[in-house]
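Heads up, the thing below is written out as structure tokens.
The values are calculated or read from the model by the stated rules, or taken from the named source; none is laboratory data. Bear in mind that the values here come from a model prediction, so they are computed numbers and not experimental data. Cβ: placed from backbone, ideal geometry, glycine included. Neighbour counts: every protein chain shown. Note: areas computed on protein heavy atoms with side chains; ligands, DNA, RNA excluded. Shrake-Rupley method; radii C 1.70, N 1.55, O 1.52, S 1.80 Å.
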Amino acid sequence: MLILNKKVTVDELMHIEKKTFFDDMIKAVVDIEKELLAVNAELHAELETLLLDSGSSQSKLYGINIYEDGEVEFDSLINAPRNREAGFPRVGRFVADPEAREKIKEVVKKWLI
């Protein structure tokens, strides 16, 4: 698990040292306020904890999956509380807030070449 501190290619992301969880994707959590991207864990909750321990605010964290073709999937259990807070109580794991999705894309673009 790590919080990116430099830009990486999607290929580099897919081949992070000791990445053994998934073959075609990597789990990530985005801090949309601090514009941070934590990657490489079996569970989004582990990355959420890493960011919380680094001073992030839980209400600004969203879980995503990044596939080897660069596609971003807005799907994680940690998103359900953010959806309820934003007034989307019945959408579950998907990031329902369109503004949050756009910000997530910006942060991912900031870190991935």
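Descriptive notes on the structure:
- Computed label-point distance, nm, for sites ALA45 and ASP23 using a 7 Å Cα→Cβ extension: 2.7 nm
- Computed [θ] at 222 nm, deg cm²/dmol, the chain (DSSP H ≥ 4; -39,500 (n - 2.57); rounded to nearest 500): -9000 deg cm²/dmol
- Contact order relative to length of the range 17-113, as percent, for alpha carbon pairs under 8 angstrom and 6 or more apart: 24 percent
- Loop sites here are trypsin sites (Lys or Arg not before Pro) outside DSSP states H, G, I, E and B with no more than 10 other Cβ atoms within 10 Å. The longest part of the chain free of them is 19-89.
- Mean separation of Cα contacts under 8 Å, 6 or more apart, over the residue count of the range 1-51: relative contact order %: 40 percent
- Linear extension gain, LEU77 paired with GLU35, 0.36 nm per residue minus alpha-carbon span: 13.1 nm
- Rounded to the nearest 10 square angstrom, PHE21 shows an accessible area of 80 square angstrom against a 1.4 Å probe.
- In order along the range 101-108, the phi-based Karplus estimate (6.51 cos²θ - 1.76 cosθ + 1.60, θ = phi - 60°) of 3J(HN,Hα) comes to 4, 5, 5, 4, 4, 4, 5, 4 Hz; Gly and Pro are listed as x.
- For the chain, share of DSSP beta bridges that run antiparallel, in % to the nearest 5: 95 percent
- GluC sites (Glu not before Pro) restricted to DSSP loop in the range 56-113 with at most 16 other C-beta within 10 Å: GLU68, GLU71
- Backbone HN-Hα couplings from phi across the range 88-95 [Karplus 6.51/-1.76/1.60, Hz, Gly and Pro as x]: 10, x, 10, 9, x, 7, 6, 6
- Extension gain for LYS6-TYR67 works out to 20.0 nm (0.36 nm per residue, less the C-alpha to C-alpha distance).
- Extension gain, HIS15 back to GLN58 (0.36 nm per residue minus Cα-Cα distance, nm): 12.7 nm
- Label assignment, Kirkwood radius over Cα pairs in Å derived from the structure, set (1) 14.2; (2) 13.8; (3) 15.5: (2)
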